[in-house]
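The values are calculated or read from the model by the stated rules, or taken from the named source; none is laboratory data. Small disclaimer: the values here were computed from a predicted structure and weren't measured. Cβ atoms come from the backbone with ideal geometry, glycine included; neighbour counts cover every protein chain shown. These area figures cover heavy atoms from the full protein model, side chains too; ligands, DNA and RNA do not enter into them. Shrake-Rupley method; radii C 1.70, N 1.55, O 1.52, S 1.80 Å.
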Amino acid sequence: MDNNPYSTDWMAGWSDLQRKIWDDWSEVTQGTWAKSFPADNPMEFFREGMSRWQGMFPSGQPSPESMAMRHAMSSMESFMRMGREVFKAFQNAQDGAKPGAEWTAQLDRVIQGAKEMFGKAPTMPSWPGVPGNTDDLSVLWNRPLKAWGDFLSTNPAFANDAMRALLSGKSMEEQMARFLSVPGLGFNRERQEKLQEGMRLGMESRKAFEEFQVFMNKSNGAALDLLHKKLLEMAAEGKALETMRDLYILWVDCSEEANAQAVTSKEFNDLNSRLMNGLMRVRRHMSETVDNALSMMNMPTRRELDSAYQQIATLKQRVRAMEDEIQALRNRDASADINTLRDDMEKLGVRRLREEVADLRKQFQESLHAAPVESGAEAASPEKPAIKRPVRVAGKPGPAQKGE
Amino acid sequence: MFPFAINPEKAVEELARFNQKLSAGIKTFTEVGPIESGVSAKEPVYREDKVTLYHYTPRVEKPHRVPILVVYALVNRPYMADLQEDRSMIRGLLDEGMDVYLIDWGYPDASDRYLGLDDYINGYIKRCVDFIRNRHDIYRVNLLGICQGGTFSICFSALHPDRVRNLVTMVTPVDFHTPDNLLSLWARNVDIDLLVDTMGNIPGDMLNLTFLSMNPFRLTGQKYLDMVDLLDEPVKLKNFLRMEKWIFDSPDQAGEAFRQFLKDFFQRNGLIKGVVRIGEQRVELTNITMPVLNVYATKDHLVPPDASRALKKYIGSTDYKEVTFNGGHIGVYVSGRAQQEIPPAIANWLKERG
């Protein structure tokens, strides 16, 4: 096989593909795709595509269709990005390779280049207003983390500008460090200390996030090593990837394998819980701050609402306990009635009557066996007496009445 | 040998073809219509707060005389057990002659944050069970608990053995500290008190993301690329979207119940240690003396098989049976094979026990 298959000007082909896709989609959206083709950054197409898609579905609660399509667009963006990066990487490797260099050396360089990407300073997930690292291959690996970022940005419990500000921006961190060193003084001492505490918690949380990201980047690096290893194994076995999809699936497999190893480690467990606990501390501090402000304005606070809910819950539990008690007393009454009825039946000599009926039945059975069968099985077979179930007293169920 | 047989022309062609499929899929998407779920006929027979007890219309003339009550997890919605006509465990049970009830927990809101496990187990479940007992004039019902609902059913059976005739558990965690239990591992060092005190109820989306994080690349990426292959098949696409709807239809978790479940079960592994208290009573698994059928899935990544199989070791019942399903946590209700295997296995086991 040709060891140098990337000799054509693939970039031109790639650009043509993007343009073709752009035209297809313009047609599909019936001219509403007014923006011109972003030749300088074709990946912008997919981001544009996603917003277009979202616009095509009714606003309000996201439907399964719109969510699935959003994910599909996003996945396709990853898929296309992978295609672009793979070709670019091999093109670069080819350009830099000395004549006669083996493809294995090129592959090494590609993998090493990709791994360096994860050595960069960690970036926060791209929350609204916070610039993220959006146009390199690392986005592929950061998609799961971005999902958490999206959750935090859309959940009312986390989505507010103050929290984002606390968790982002190096310069903010430096300003905060200076601010935190100022001792509290005078009338505003308490408020200042609370503010400083909030800042401190925010910085801790940011640090926890960065450490978490560094760890996950290591896992991404391990995924690349695994990909490298599997490609070499394939080559040794004389196998080759036939399609971009095959490459994507192999990459997913490697990433999942590396991720599975990472997330079962003690280190992940520590970092993950530190991240979660840090976020919660920030959130709680902010909630308390908001509560204090509301309280000063004589408006209902979260604390007061919770207290009211707790009281309602306690009252409900008490009511139910009383209902259960009443039911138990009713059942006891029913049991007493049944016992009285049993006594009355005893007095009427029901047991003796039952014994007589049993004797008669026995005699009847014996006489049947003694007499020859005349005709018809029905005439000869004794009917099984129907078992009459006790009548249930409405509203007075009790174990003594039940038939099961 | 060079391991890439993908040349640029071929790749461009592949990606173009893929994109054409995606853009052509718009039509299918807009025509797919509403995504229904919960297909079997049912009627609400009892309501309390946000909880509804449903009775499914029997599909045989004379259903089995002891009804079966399905107790689903608080996480996600119970229509997973009745997703679509050809993927419905409930329908399978009805076809096997069972008389089926199901508890729908509804969507807790902030006013429910103080609901604890006592409210769920000694409250809602007990009153649903009593409703069925009275309605059918019987002492005991059959219980079928699914996942976390299975753990609740185990607790209920241990606390009220006089009300349970047979207990069936499906993909139910019992030993929460098996080495392969990733969820438990992740929860081990999280400050649950801080989490609940801060959040109140726990957002369903937060749990969803936790579940997705177990296979992040496959579940947030590859799955949707695979979906593109379904875009020209409306029925398959609708089935995919139905499942998608279920996955992201996640009620928030009542704060106090979440706190107790995470701390007592996930962190302390209290169920098998006999230290879980529900209300005033301790849950003693040896009180479970009724027949028990335990269904688990061999490829379950949420509730590993060993976490379920532990039940045998701790209960007092001598009539214990396991049903092994060769599949995953979701496949056990919705896969085609599960429809053939699981409902008949449960129904036959119950019929044998009267």
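For region A:214-338, a Kirkwood hydrodynamic radius built from all Cα pairs, placed in the Stokes-Einstein relation at 4 °C and 1.567 mPa s, yields a translational diffusion coefficient of 61 µm²/s. Summed over qualifying helices (DSSP H, 4 residues or more, each -39500 (n - 2.57)) and divided by its residue number, chain B shows a 222 nm mean residue ellipticity of -11000 deg cm²/dmol. Amide H contacts of B:Gln253 (H built 1.01 Å from N, in plane; Pro and chain starts excluded): B:Ile202, B:Gly204 sit under 5 Å, all sequence-distant by 5 or more or on other chains.
Taking amide H positions as modeled 1.01 Å from N, with prolines and chain starts lacking one, the residues under 5 Å from B:Val164 and 5 or more places away or on another chain are B:Val141. Just so you know, the Cα atoms of region B:74-174 work out to an Rg and Dmax of 14.0, 40 Å.
Surface exposure of region A:310-367, expressed per residue as accessible area with a 1.4 Å probe, stands at 88 Å².
Over the Cα atoms of chain B, the radius of gyration divided by the Kirkwood radius equals 1.01; this is the Rg/Rh ratio. Taking region B:160-289, how much of its Cα-Cα pair set, in percent, is spaced more than 19 angstrom apart? Summing the P(r) tail past 19 Å for region B:160-289 gives 64 percent. Taking GluC sites (Glu not before Pro) across region B:1-101, the ones in a DSSP loop with at most 12 further Cβ atoms lying within 10 angstrom of their Cβ are B:Glu36, B:Glu61, B:Glu85.
If Rh is defined by the Kirkwood formula over all Cα pairs and Rg also comes from Cα, what ratio Rg/Rh do you get for region A:271-373? Across region A:271-373, the Cα-based Rg/Rh ratio is 1.62. Think of region B:115-165 as a dipole: +1 on every Lys or Arg Cβ, -1 on every Asp or Glu Cβ, centred on the Cα centre; then among B:Leu143, B:Asn122, B:Cys155, B:Leu143 lies furthest on the positive end. 3J(HN,Hα) along region B:345-354, derived from phi through the Karplus expression 6.51 cos²θ - 1.76 cosθ + 1.60 where θ = phi - 60°, amounts to 4, 5, 4, 5, 4, 5, 4, 4, 9, x Hz, with x in place of Gly and Pro. The shape of region B:79-134 comes out oblate: with a ≥ b ≥ c from the C-alpha gyration tensor, a/c is at least 1.5 while a/b does not beat b/c. With the gyration tensor restricted to C-alpha atoms of region B:1-140, the semi-axes of the equivalent ellipsoid amount to 46, 21, 15 Å, longest first.
Report the FRET efficiency, 1/(1 + (r/R0)^6), for B:Lys351 and A:Lys229, where r is their Cβ-Cβ distance and R0 is 60 Å, rounded to 0.05.
0.65
Scalar couplings 3J(HN,Hα) for region B:210-226, obtained by applying the Karplus form with A = 6.51, B = -1.76, C = 1.60 to θ = phi - 60°, are 4, 5, 5, 5, 6, 9, x, 6, 6, 7, 9, x, 4, 4, 7, 5, 5 Hz; x denotes Gly and Pro.
Taking the charge dipole of region B:160-200 about its Cα centre, with +1 at Lys and Arg Cβ atoms and -1 at Asp and Glu Cβ atoms, the residue from B:Pro179, B:Asn189, B:Met199 reaching farthest to the positive side is B:Pro179.
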